[in-house]
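Values quoted throughout were computed directly from the atomic coordinates according to the rules given, and no laboratory measurement underlies them. Not measured: the values here are computed from a predicted model. Every residue, glycine as well, gets a Cβ built from its backbone with ideal geometry; the counts of neighbours run over all protein chains shown.
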Amino acid sequence: MSFKNPQLAPLEVNPATDEPFLRIEGFDDIIITPPRWDDAPRFMPYLNDPRVYQWMQGPPVPYLLSDARKWLGHIRSLSDNVLADLEAARDTPELITVGDCPVSMIRKVNEDGSELQIGAIDIVRCCRWGEVVKSPEDPDIYVVDLTRKVENAKINYERDVGDPEIIWEFGDYLAPAFHGRGIMTAAVKTIMKKWALPRMNTRIVRAVTFSGNIGSKKVFLKNGFRHIITLPDHTIVRGETKTLDVYQWELAQSEEGSAAL
Ligand SMILES: CC(C)(COP(=O)(O)OP(=O)(O)OC[C@H]1O[C@@H](n2cnc3c(N)ncnc32)[C@H](O)[C@@H]1OP(=O)(O)O)[C@@H](O)C(=O)NCCC(=O)NCCS
């Protein structure tokens with residue numbers, strides 16, 4: 001076991017494994033950790049469950065072990081890169097700002113200490129929805145401008161780490177057995193408050209749901225997001241046309257001073 005790197009704050013570190021983690025606020029037995037290589041067979045069935053995949057756009061159905069491994073490779077590299085940056089800055093007195101969140105796998109800690117992966121929460125740069133822009137007439141209203149779609153996505157992707165103009169996007173799911181217990185509402189709050197705001201300088205976050213996904217809608221509204229636009233009949237998913245609802249959270253100017261919680 002090595003001496004804890006102060007740059008990991010406010011992550012805790014598992015003394016047995018040295019793995020950093022965040023405890024979800026209000027749940028003593030639910031934590032969020034980096035992805036692990038052996039997670040793929042665990043989460044593959046979740047993404048083949050219609051109670052989960054019916055609300056998701058990205059993952060293929062059926063979701064194969066190879067899909068799970070590919071996704072794991074991607075999110076592991078994001079997590080590993082952040083953890084490497086934090087390690088390299090171990091002796092820097094101030095906490096550095098990083099470009100991603102190193103923890104994303106939601107796990108239930110059992111009484112015997114074993115852990116069960118029960119879901120995931122990702123906050124990544126928003127590279128879709130570049131066409132959803134503030135109205136030139138009223139900045140409180142959002143409109144669709146397809147001419148800006150590609151360019152805005154590119155600009156967002158290329159912004160420097162820590163740029164407060166970066167638009168972030170949440171993606172999440174939970175194993176059906178754990179739905180409706182308040183876990184994801186608390187997970188979003190924890191990631192925002194503990195890592196995204198203070199360590200990524202996140203100021204703007206979006207969440208995009210299929211219309212009718214009441215659970216997801218409530219998770220984000222309860223975390224201070226507001227509905228900014230509906231995109232009717234926007235995307236065909238598994239042969240069905242989906243209307244999308246876009247929610248956005250923005251740090252109010254008045255909250256700026258207390259952002260580093
Ligand atoms: C959406 C999802 C992540 C919500 O997680 P969760 O931990 O079950 O949500 P919470 O328990 O924090 O619930 C928040 C609110 O939504 C309600 N809710 C949750 N699931 C619901 C459902 N299927 N139908 C209606 N309401 C639901 C809860 O009762 C709660 O409402 P309340 O605060 O008024 O009591 C989870 O249901 C899920 O994994 N769904 C499938 C995948 C998915 O939709 N991912 C998001 C894609 S945008």
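Quickly rank 111-119, 208-216, 97-105 as a protection proxy: mean count of other C-beta atoms within 10 Å, highest first. Present the calculation step by step, with values, prior to reporting the outcome.
On the way: 111-119: 13.7, 208-216: 16.7, 97-105: 22.4.
By packing density, highest mean first, the sequence is 97-105, 208-216, 111-119.
Looking at the range 66-209, send over the antiparallel percent of its DSSP beta bridges, to the nearest 5. Rounded to the nearest five, the antiparallel share is 85 percent. Per residue, the convex hull spanned by the Cα atoms of the range 6-258 measures out at 139 cubic angstrom.
How would you order 217-224, 199-206 from highest to lowest mean count of nearby Cβ atoms within 10 Å?
Working: 217-224: 18.2, 199-206: 21.1.
Put in order of decreasing packing, that is 199-206, 217-224.
Considering only 164, 236, 72, the residue lying farthest towards the positive end of the dipole of the chain is 236, judged by Cα position with unit charges set on Cβ.
Where does the charge balance sit around residue 110 when Lys and Arg score +1, Asp and Glu -1, over other residues with C-beta under 13 Å from its C-beta? Show your work: numbers first, answer last.
Details: positive: 107, 108; negative: 28, 29, 111, 112, 115.
Spelling it out: positives minus negatives among the neighbours equals -3.
In order along the range 205-211, the phi-based Karplus estimate (6.51 cos²θ - 1.76 cosθ + 1.60, θ = phi - 60°) of 3J(HN,Hα) comes to 9, 10, 9, 10, 10, 5, 4 Hz; Gly and Pro are listed as x. Straight-line cross-link partners of residue 189 among the lysines, defined as a Cα under 22 Å from its Cα and at least 8 positions apart when in the same chain: 108, 217, 218, 222. A simple rule links phi to the HN-Hα coupling: the Karplus curve 6.51 cos²θ - 1.76 cosθ + 1.60 with θ = phi - 60°, which for the range 145-156 gives 10, 5, 5, 9, 3, 5, 4, 5, 4, 5, 4, 5 Hz, with x for Gly and Pro.
Please list 185-198, 57-70 highest first by mean number of surrounding beta-carbon atoms within 10 Å per residue.
Working: 185-198: 21.0, 57-70: 14.2.
Order by mean packing, descending: 185-198, 57-70.
Close amide H partners of residue 14, meaning residues 5 or more places away or on another chain with modelled amide H under 5 Å apart, are 19, 21.
At a 10 Å Cβ-Cβ cut-off, how would you order 174, 231, fewest neighbours first? Each step should come with its number before you reach the end.
Working: 174 22, 231 17.
Fewest-to-most Cβ neighbours within 10 Å comes out as 231, 174.
Within the shell of other residues whose beta carbon sits under 13 angstrom from the beta carbon of residue 149, the net charge comes to 0, with Lys and Arg scored +1 and Asp and Glu -1. Coupling constants for the range 119-135 follow from the phi torsions by the Karplus curve (6.51 cos²θ - 1.76 cosθ + 1.60, θ = phi - 60°), and in residue order they are x, 8, 9, 10, 10, 10, 4, 7, 10, 10, 6, x, 7, 8, 10, 5, 5 Hz; glycine and proline get x.
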